[in-house]
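Trainee: Let me begin by handing over the structure; questions about it come next.
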Amino acid sequence: MTDDTRRIELSYVNAYLVTAGDGYVLIDTGVPRQWDRLEGELQSAGCLPGRLKLAIITHGDVDHTGNAAVLQHRYGVKIAMNQADVGMVTIGPAAGRRARHPVGRLLLWVGNTLSGKVERFQPDVLLEDGQDLASYGLAARVLHTPGHTRGSIVVLTDDGRLFAGDTLTNRRRPGRGPFSDSEEDLQKSLARLKKATVRVVYPGHGDPFPGDALASIA
């Protein structure tokens with residue numbers, strides 16, 4: 001972990017607080033039952049109130065969006081995500097997603113169950129593929145990486161930090177997410193990331209890992 005990146009462990013999912021000029025950008029918000037921990041971490045970093053420029057949602061699953069509505073309503077934080085996943089936070093989880101093994105099926109069931117207990121919200125900013133984040137003080141760009149969900153995105157900084165959401169995980173070893181909306185899209189997204197210049201990967205689940213481990217992910 002670098003001085004510019006703070007990992008916030010919220011139960012079984014990570015959020016990341018990234019220094020962005022004179023403020024911060026938050027990547028993902030965790031599950032709702034972890035709000036007190038998230039708020040405490042953000043306050044201790046000095047970014048609430050007033051210095052949290054943006055909260056980026058990597059995809060619409062509830063364990064990543066669970067505290068977005070509270071941040072938006074209580075602190076006026078702008079929430080950003082890709083258009084393709086907006087329905088997941090305004091209506092509910094997408095149908096037709098497939099898990100590759102029993103653990104994935106369990107996680108999918110848990111997410112669908114929790115989704116009904118989370119406050120809905122409308123994002124303030126819609127992020128597109130290739131979008132530059134310099135206007136928020138972050139030297140980085142957004143990459144649209146559909147597969148896990150239709151609107152999955154990652155954030156790649158100019159210095160090679162990749163904030164991967166659930167496109168990549170590291171529960172036992174570096175790998176791809178345990179279930180997908182489209183296996184074909186996910187494989188294309190993984191191929192694209194393997195061509196990028198990545199120094200370290202910050203996954204939505206598990207510990208950060210070196211970028212060169214991308215080459216071994218099937």
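The values are calculated or read from the model by the stated rules, or taken from the named source; none is laboratory data. This structure is a prediction, so every number in the text was calculated from the model and none was measured. Don't worry about glycine lacking a Cβ; one is built from the backbone with ideal geometry, like all the others, and counts go over all protein chains shown.
Trainee: Could you please find all residues in the stretch 158-174 being of a type in the set (Ser, Thr, Tyr) and touching a residue at least 60 places away in the same chain (Cβ under 8 Å)? Talk me through it step by step, then tell me what you get.
Mentor: Restricting attention to the stretch 158-174, the residues satisfying the condition of being of a type in the set (Ser, Thr, Tyr) are 167, 169.
Across the stretch 158-174, the qualifying residue is only 167.
Trainee: Being touching an Asp or Glu at 6+ places or on another chain (Cβ under 9 Å) and either in a helix (DSSP H, G or I) or of a type in the set (Val, Ile, Thr) (or both) is the filter here, so list the residues in the stretch 157-191 that pass it.
Mentor: Selection gives 157 alone.
Trainee: Related question: Considering only the stretch 1-20, state which residues are out of contact with any helix residue (DSSP H, G or I) (no Cβ under 6 Å at 6 or more places or on another chain) and either at pLDDT 95 or above or of a type in the set (S, T, N, Q) (or both).
Mentor: First pass over the stretch 1-20, keeping only residues out of contact with any helix residue (DSSP H, G or I) (no Cβ under 6 Å at 6 or more places or on another chain): 1-7, 9, 12, 14-19.
If the condition is that a residue be out of contact with any helix residue (DSSP H, G or I) (no Cβ under 6 Å at 6 or more places or on another chain) and either at pLDDT 95 or above or of a type in the set (S, T, N, Q) (or both), then 2, 5, 6, 7, 9, 14, 15, 16, 17, 18, 19 are the ones that fit.
Rundown of residues vs (1) surrounded by fewer than 16 Cβ atoms within 10 Å (Cβ to Cβ); (2) at pLDDT below 65, yes/no style:
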{"position": "102", "(1), (2)": "yes, yes"}
{"position": "115", "(1), (2)": "no, yes"}
{"position": "123", "(1), (2)": "no, no"}
{"position": "127", "(1), (2)": "no, no"}
{"position": "137", "(1), (2)": "no, no"}
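Trainee: Can you go through 63, 36 and tell me which one is acidic (Asp, Glu) and either buried (at least 20 other Cβ atoms within 10 Å of the Cβ) or in contact with a Gly (Cβ under 7 Å, 6 or more places away or on another chain) (or both)?
Mentor: On the way: 36 fails: either buried (at least 20 other Cβ atoms within 10 Å of the Cβ) or in contact with a Gly (Cβ under 7 Å, 6 or more places away or on another chain) (or both).
Result of the check over 63, 36: 63.
Trainee: Which residues, counting only those in the stretch 198-218, are part of a loop (DSSP other than H, G, I, E, B) and farther than 20 Å from residue 27 by Cα? Write out each step before concluding.
Mentor: Quick first cut of the stretch 198-218, residues part of a loop (DSSP other than H, G, I, E, B) only: 198-199, 204-205, 207-208, 217-218.
Those that are part of a loop (DSSP other than H, G, I, E, B) and farther than 20 Å from residue 27 by Cα: 217, 218.
Trainee: Further question on the same structure: Can you tell which of 24, 12 is over 17 Å from residue 207 (Cα atoms) and under 17 Å from the mean Cα position of the chain (by Cα)? Lay out the reasoning, then the answer.
Mentor: Numbers: 12 fails: over 17 Å from residue 207 (Cα atoms).
Criteria check complete, one pass: 24.
Trainee: Among (1) within 22 Å of residue 132 (Cβ to Cβ); (2) out of contact with any Asp or Glu (no Cβ under 9 Å at 6 or more places or on another chain), where does residue 89 come up short?
Mentor: Of everything listed in (1) within 22 Å of residue 132 (Cβ to Cβ); (2) out of contact with any Asp or Glu (no Cβ under 9 Å at 6 or more places or on another chain), residue 89 misses just condition (1).
Trainee: Taking residue 162, is it buried (at least 23 other Cβ atoms within 10 Å of the Cβ) and either under 23 Å from residue 31 (Cβ atoms) or of a type outside the set (A, V, I, L, M) (or both)?
Mentor: Numbers: buried (at least 23 other Cβ atoms within 10 Å of the Cβ): yes; either under 23 Å from residue 31 (Cβ atoms) or of a type outside the set (A, V, I, L, M) (or both): yes.
Answer is yes for this residue.
Trainee: Let me ask something additional. Given the conditions (1) surrounded by fewer than 18 Cβ atoms within 10 Å (Cβ to Cβ); (2) touching a His at 6+ places or on another chain (Cβ under 6 Å); (3) of a type outside the set (Phe, Trp, Tyr), and given that residue 180 satisfies all but one, which numbered condition is not satisfied?
Mentor: In the conditions (1) surrounded by fewer than 18 Cβ atoms within 10 Å (Cβ to Cβ); (2) touching a His at 6+ places or on another chain (Cβ under 6 Å); (3) of a type outside the set (Phe, Trp, Tyr), residue 180 misses (1) alone.
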